[in-house]
Amino acid sequence: MDGANQNVHSETPDVEAAFHEEKESRDEAVAGLSSASTFRDGPSGEKLLHTVDQTILPGEQASPAEYAEHPSSTEMSEDTFGSGESPRRKSRRGRRGGRGRNRKKVEAESLDNTAEVTSVKDGEEERKQKKDDQGVPVADENTQRVKRSEVVKPRRRMFISVLPGEEVEVALTEDGQVLEYYLDMLHQRKLKGNIYKGVIHNIDTNLQAAFVSYGLGKNGFLQIDEVHPEYWLTYHDPSKGKKFPPIQKILKAGQEVLVQVVKEPTGNKGAFLTTWLSLAGRFLVLTPGQEQIGVSRKVEDEAERTRLREMMNGIEPGQGLGVIVRTVSAGTTKTTLKNDLQYLKRLWRDIRKKGTEVQAPALIYQEPSLSDRAVRDYLTEDVAEIWVDNEETAQSIRETVNLLFPRKKDLVHLHADMRTSMWERFNLRRQLEQIYAREVLLPSGGRLVFDQTEALMAIDINSGKISGKANFESMAHKTNMEAAEAIARHLKLRDIGGQVVIDFIEMRDKNHIAEVEKTLRLAMKNDRARHDVAHMSSFGLLELVRQRTGSSALSNSLEPCPACSGTGMRRNIEWQALQALRELRGLMSAETRDTHVYTAAPELALYLLNHKRDSLREIERDYGKCLEIVVRP
């Protein structure tokens with residue numbers, strides 16, 4: 001069971017990371033990548049990530065030129081008084097006005113300075129007196145302002161937009177900036193998380209995988225390490241040789257299996273399936289066939305992890321069942337975990353019962369809608385407001401929220417103004433449109449350019465209008481820092497998976513390179529998907545890999561252009577016109593009637609009539625027939 005335990009698939013990546021290791025194929029793909037930050041040793045042995053220009057590190061000596069340019073007060077006192085001699089007065093000889101000039105001005109300045117010193121001392125004595133009276137030191141205005149800024153937390157909101165029977169959109173924002181965006185179009189059925197009763201159609205020994213017919217379009221793909229041992233037709237001892245037996249010996253065509261969709265079908269590829277089932281609740285994930293109890297790795301507080309383990313030790317999932325404690329369980333009670341477990345166990349009993357009654361292929365369990373999943377998976381304590389633009393959905397969410405957060409009575413708000421969309425009311429429309437754009441503008445004027453290829457996603461960074469400045473290194477560093485934060489956000493918004501190559505503006509300063517890498521890693525720290533970030537090469541290229549969590553808004557709403565077949569390029573209009581003239585000569589030679597009608601696209605038809613009229617007349621003369629150009633409707 002340990003061998004096939006590499007992927008337990010649940011709704012969120014933090015559940016998968018609790019028990020299961022990366023797949024071997026993915027390990028090979030990212031073996032050369034490392035997410036560790038690079039440090040260098042400082043002069044006195046301390047670890048330094050980067051240094052600021054013209055900063056003297058501990059243990060270093062400033063150059064004489066720097067001392068001469070920026071003399072300190074210590075140096076001045078030593079040079080002036082260190083020898084025990086009295087300070088030498090500067091000669092006033094040669095100045096106009098003699099010794100008495102500006103005497104009144106000096107005396108006035110000295111009086112002002114004395115008054116300032118007196119007021120400062122009075123203020124200090126007043127604060128000391130308040131401290132003595134109250135026993136608490138009185139902080140000055142600056143300190144209070146800093147403390148107030150530290151207390152202020154980012155304001156997080158959840159927006160759920162519903163077009164009844166057609167579409168559901170979910171956006172998570174922080175201080176007005178969109179962090180996550182999900183889209184479900186109901187005519188495109190979501191498959192991830194669904195459980196089907198399928199039949200093995202055929203077995204590919206070269207791929208060591210089976211293709212399963214589960215009732216939808218293309219057959220699903222089932223690898224050998226995704227097959228639960230309960231489906232094995234023969235016994236295999238992994239200690240005597242290979243970790244997994246040959247798939248042709250443990251499975252056969254026509255065999256029925258209960259499978260769950262892990263990855264949505266994309267392009268020509270069918271859905272990725274597994275027989276290691278998992279059912280996600282609000283606080284727990286039930287894993288049938290794995291008698292283990294664990295805590296999500298996303299719970300980083302060791303004290304909280306220990307508390308959750310101790311609580312789960314007193315909860316028995318049942319024979320043949322395992323449990324994973326989700327990240328949102330931090331701070332919850334034992335009773336809450338028990339209630340969630342009982343719900344999941346009832347759900348599993350219903351699935352098993354239906355699985356024995358229906359005939360394959362058939363749907364056994366369907367994941368909840370996006371609005372329900374958003375509350376289950378993405379609603380956390382730091383979400384201050386939930387805005388919904390559909391009354392029925394708002395009431396359903398309100399009932400669920402009252403069970404999860406009984407003290408937050410006013411968490412759910414209804415957007416009832418149909419004249420203005422919710423996205424326009426909160427100024428989010430422009431950010432949502434950028435998700436679909438090829439180019440994204442940066443605050444300083446630079447641009448990000450996203451290009452998806454068959455093998456990888458290429459992201460190019462252009463300096464834009466700020467290029468050509470005197471300090472190129474400073475410009476490159478600033479643009480790359482902004483790009484690192486924007487790229488991490490858009491990788492999550494667009495749900496870009498697989499291999500990603502980022503072409504940063506080339507920098508020579510190693511400290512700047514390390515700082516950009518660190519910024520990218522920190523920005524991706526809150527990404528739900530597993531990822532691995534490599535180091536930047538000498539050419540400014542940085543490679544990373546990211547797990548695709550599901551069907552993204554782009555894949556749901558975009559399709560290849562019929563004119564260019566998705567390449568983004570097409571033949572120019574002159575080339576099209578020449579090909580049309582060549583085609584017309586062939587058609588006119590075979591035409592038996594006196595008039596030939598040629599239908600063309602509007603742009604091509606107008607170009608032929610306006611720019612190739614002489615060529616059209618020549619064709620009519622050569623074949624002695626009339627030619628008509630008709631615009632295609």
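What are the residues in the range 527-555 that are among the small types (G, A, S) and either within 28 Å of M185 (Cβ to Cβ) or open to solvent by 30 Å² or more (accessible area, probe 1.4 Å) (or both), if any? Before you say what the answer is, go through the steps one by one.
At the first step, the residues of the range 527-555 found to be among the small types (G, A, S) are 529, 534, 537-538, 540, 550-553, 555.
Hits for the range 527-555 are A529, S537, S538, G550, S551, S552, A553, S555.
Checking the condition crowded, with 20+ Cβ neighbours inside 10 Å and closer than 27 Å to A374 by Cα, which residue from L286, L251 passes?
From the options L286, L251, the qualifying one is L286.
Enumerate the strands (runs of 3 or more DSSP E) found wholly within the range 360-454, keeping only those where 2 or more residues are buried (at least 18 other Cβ atoms within 10 Å of the Cβ) and modelled with pLDDT of 90 or more.
Correct list: 362-365, 383-388, 447-452.
Among the helices (runs of 4 or more DSSP H) lying completely within the range 467-569, list those that include at least 2 residues that are charged (D, E, K, R).
Of the helices (runs of 4 or more DSSP H) lying wholly inside the range 467-569, those with at least 2 residues that are charged (D, E, K, R) span 472-493, 510-523.
Given the condition open to solvent by 20 Å² or more (accessible area, probe 1.4 Å), modelled with pLDDT under 90, among the aliphatic types (A, V, I, L, M) and not in a loop (DSSP other than H, G, I, E, B), answer yes or no: does some residue in the range 138-156 qualify?
Yes, the range 138-156 contains at least one residue that is open to solvent by 20 Å² or more (accessible area, probe 1.4 Å), modelled with pLDDT under 90, among the aliphatic types (A, V, I, L, M) and not in a loop (DSSP other than H, G, I, E, B).
Out of M524, M507, M569, which single residue is open to solvent by less than 40 Å² (accessible area, probe 1.4 Å) and farther than 25 Å from E180 by Cα? Steps first, answer last, please.
Working: M524 fails: farther than 25 Å from E180 by Cα; M569 fails: open to solvent by less than 40 Å² (accessible area, probe 1.4 Å).
Unique residue meeting the criteria: M507.
Has the range 212-225 got any residue that is assigned to a strand (DSSP E or B), aliphatic (A, V, I, L, M), over 20 Å from R548 (Cα atoms) and under 34 Å from the mean Cα position of the chain (by Cα)?
Scanning the range 212-225 turns up at least one residue that is assigned to a strand (DSSP E or B), aliphatic (A, V, I, L, M), over 20 Å from R548 (Cα atoms) and under 34 Å from the mean Cα position of the chain (by Cα).
Restricting the first residue to the range 183-197 and requiring it to be on the phi > 0 side of the Ramachandran plot, which pairs with a second residue that is assigned to a loop (DSSP other than H, G, I, E, B) and at pLDDT 90 or above meet a Cβ separation below 9 Å and a spacing of at least six or different chains?
G193/S278; G193/Q366
Which pairs turn up if I take residues in the range 409-421 that are under 22 Å from L379 (Cβ atoms) and look for partners that are hydroxyl-bearing (S, T, Y) and in a loop (DSSP other than H, G, I, E, B) with beta carbon separation below 9 Å, at least 6 apart in sequence or on another chain?
Close Cβ pairs satisfying both conditions: H415/S421.
Considering R593, R582, R617, which residue is of a type outside the set (A, V, I, L, M) and in contact with a Lys or Arg (Cβ under 9 Å, 6 or more places away or on another chain)?
Among R593, R582, R617, only R593 is of a type outside the set (A, V, I, L, M) and in contact with a Lys or Arg (Cβ under 9 Å, 6 or more places away or on another chain).
Can you give me the number of residues within the range 203-221 that are in contact with a helix residue (DSSP H, G or I) (Cβ under 8 Å, 6 or more places away or on another chain) and either within 16 Å of L363 (Cβ to Cβ) or surrounded by fewer than 18 Cβ atoms within 10 Å (Cβ to Cβ) (or both)?
Going through the range 203-221 one residue at a time, the tally reaches 2.
So how many residues does the range 183-202 have that are open to solvent by 50 Å² or more (accessible area, probe 1.4 Å) and more than 31 Å from the chain's Cα centre (by Cα)?
Residues flagged as open to solvent by 50 Å² or more (accessible area, probe 1.4 Å) and more than 31 Å from the chain's Cα centre (by Cα) within the range 183-202 amount to 2.
Do we find a residue being more than 23 Å from S557 (Cβ to Cβ), in contact (Cβ under 8 Å) with a residue 60 or more places away in the chain and either surrounded by fewer than 18 Cβ atoms within 10 Å (Cβ to Cβ) or within 35 Å of the chain's Cα centre (by Cα) (or both) anywhere in the range 161-174?
no
Can you name the residue in the range 572-597 that is of a type in the set (V, I, T) and either under 30 Å from R438 (Cα atoms) or loosely packed, with under 12 Cβ neighbours inside 10 Å (or both) and is also modelled with the lowest pLDDT among such residues?
T592
Is there a residue being touching a Gly at 6+ places or on another chain (Cβ under 6 Å) and assigned to a strand (DSSP E or B) anywhere in the range 275-288?
yes
Residues of the range 590-605 being free of Cβ contacts under 8 Å to residues at least 24 places away in the same chain and of a type outside the set (S, T, N, Q), which ones?
If the condition is that a residue be free of Cβ contacts under 8 Å to residues at least 24 places away in the same chain and of a type outside the set (S, T, N, Q), then A590 is the only one that fits.
Filter the range 318-350 for residues that are of a type in the set (V, I, T) and assigned to a helix (DSSP H, G or I); which is nearest to H228 (Cα to Cα)?
Residues of the range 318-350 of a type in the set (V, I, T): 323-325, 327-328, 332-333, 335-336.
In the following step, the residues that additionally are assigned to a helix (DSSP H, G or I) were identified as 327-328, 335-336.
Working: T327: 26, V328: 29, T335: 32, T336: 31 Å.
Result: T327.
Does T275 satisfy the criteria of being within 30 Å of V375 (Cβ to Cβ) and in contact with a His (Cβ under 6 Å, 6 or more places away or on another chain)?
yes
Criterion first (among the aliphatic types (A, V, I, L, M), under 22 Å from the mean Cα position of the chain (by Cα) and outside any strand (DSSP E or B)) does I461 satisfy it?
no
The values are calculated or read from the model by the stated rules, or taken from the named source; none is laboratory data. This is a predicted model, so every value here is computed, not measured. Ideal geometry is used to build each Cβ from the backbone, glycine not excepted, and the neighbour counts take in all protein chains shown. Note: areas computed on protein heavy atoms with side chains; ligands, DNA, RNA excluded. Shrake-Rupley method; radii C 1.70, N 1.55, O 1.52, S 1.80 Å.
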